[in-house]
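Note sheet for the following structure.
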Amino acid sequence: MNDYLMYMNGSWQGESLEKLIVKNPANHEEVGTVPIGGAFEANEAVASAYQAFQTWSKTTAYERANYLQRLYKLLIEHQEELAEVMTREMGKPIQESRGEVLYAASFLEWFAEEGKRVYGETIPSHIGEKRMQVWKKPIGVVAAITPWNFPLAMLTRKMGPALAAGCTIVMKPSGESPITAVKLTELCEKAGFPKGVINLVTGKSSEIGQAFMENEQVRKVTFTGSTEVGKILIKQSADQVKRLSLELGGHAPIIVLDDADIDLAVKGAIASKFRNTGQTCVCGNRIYVQVQVYDKFLEKFTEAVRALKVGNGMEENVQIGPLINQDGVDKVAKHVEDAVERGASVLTGGARIEKYEGTFYAPTVLRDATSEMIVMNEETFGPVAPVQPFETIEEVVELANRTKYGLAAYVFTESVGKGTRLVKQLDYGIVGWNDGTPSAAQAPFGGMKESGLGREGGREGIEAFLETQYVSIGLE
Ligand code: SIN
């Protein structure tokens, strides 16, 4: 087992601090340790990022792109090593971890180029002797707080645009999967980023988060995690009017209309629902199927879910790994028990898997779910698919929009007319139409309502790290 360290001002630190032991949720083996840092370490890291900002912000977009391209290539070269660390510390099936490395790298590649397209604007003036211009400036030091479910991609989705824009960064990964972040930081060092441009602190989440919020040198906090924590950050940001990007919880509806290609809908629903063992913010959380195809969909979907291979993510071909911890399993069990008590029937799964040492729950399909059930309202973050029938498009629009979330929704229909009318009425930031996996570096990712503020990825992703400066030039 290795003892890993934090990184700030270009050096590895934290040997003398208490250690957090990271365990594999598939079998509880100890994977490694990271230092338990707090407010002091967070402020040190911010000071180092602040100093580095004075020079990094003056480099050209072309110079910054070269660093990001180097890092991109290093990620690709180290794909297997990164994937194995990820699977061992948070349980994701190895095939998915390999995919996440490519996904994570794509943010670096895409934003390396997008940084070169940060154009200002010239606005036609109403007076002849003036030039009215819009300039763009990097926002300053960025603090990035990321979750355990995508330990690499959530960091690069923030780091890529922040660095490309000319900002410097302090990263705070989740305590459940911090070693992937350490491995990424090692590659940043190898890519040759100047000291202080990239910093990593590990340890006490709420203390470090609060330190970021209270530190005036941090101008922007970008966070992926729960709506509950997002609301705390909004309150904490008020004192200094700190800029925030928040990618929060979701409760995605998957809607299958009667004219859908059912095989495609089943494939899309499996991809959306069971990716990362259902521990994804954009995961389908509830499935609505039009009555005419309800039984047909359920039959094929249940068969596909039964065929999913469960096990230790390190085994090739495993599709469903463990849940992150015991709390995760308890929450899933509670959602299923509540649904069954309220009249749903279990078509497959519906129980913890005791034969493994780790925190496993069987992939589950629930028939005849209803709106009162917890599973139809609260984020499950596990491999449970509740299915509810509906009759009309008006009815399903109301059902889909009834929660406080608005991150992702999925629609399966072969009709362009019906699909267009339906999608226009959905209050969701991302819609997969005949597509269970819509996320991509070049597309805006983020939610409406209580699912967040701002967008990551795409053109919007870099805007989040830029200030707009209006400059009026008198020519007289
Ligand atoms: C997330 O769960 O927030 C990330 C999922 C994705 O990028 O597709």
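Points worth noting:
- Only a single item in (1) away from the ligand (no atom under 16 Å from the Cβ); (2) out of contact with any Ser or Thr (no Cβ under 7 Å at 6 or more places or on another chain) is not met by A260, and it is number (2).
- Some residue of region 432-440 being crowded, with 19+ Cβ neighbours inside 10 Å and either outside any loop (DSSP other than H, G, I, E, B) or more than 13 Å from the ligand (Cβ to nearest atom) (or both): yes
- Of the residues contained in region 220-230, one or more are found to be away from the ligand (no atom under 16 Å from the Cβ) and in the same structural domain as S97 (by TED's automatic domain parsing).
- Leading residue by the ranking (farthest from the chain's Cα centre (by Cα)) among those in region 162-193 that are assigned to a helix (DSSP H, G or I) and either acidic (D, E) or within 14 Å of the ligand (Cβ to nearest atom) (or both): E189
- Criterion applied to V329, V346, V340 was being under 27 Å from the mean Cα position of the chain (by Cα) and of a type in the set (A, V, I, L, M, F, W, C), and the one residue passing it is V329.
- Counting only residues that are closer than 14 Å to L68 by Cα and either open to solvent by 50 Å² or more (accessible area, probe 1.4 Å) or free of Cβ contacts under 8 Å to residues at least 40 places away in the same chain (or both), region 116-168 holds 1 of them.
- Matching option when the condition is among the aromatic types (F, W, Y), under 27 Å from A443 (Cβ atoms), modelled with pLDDT of 95 or more and surrounded by fewer than 18 Cβ atoms within 10 Å (Cβ to Cβ), among Y62, Y67, Y72: Y62
- Screening V282, V256, V266 for residues that are touching a Lys or Arg at 6+ places or on another chain (Cβ under 6 Å) and surrounded by 24 or more Cβ atoms within 10 Å (Cβ to Cβ) leaves exactly one candidate, V266.
The values are calculated or read from the model by the stated rules, or taken from the named source; none is laboratory data. Please read these numbers as outputs of a predicted model, since none were measured by experiment. Cβ coordinates were reconstructed from backbone atoms using ideal geometry, including for glycine residues, and neighbour counts include every protein chain displayed. To get the accessible areas, we keep the full protein, side chains included, count just its heavy atoms, and leave off ligands, DNA and RNA. Shrake-Rupley method; radii C 1.70, N 1.55, O 1.52, S 1.80 Å.
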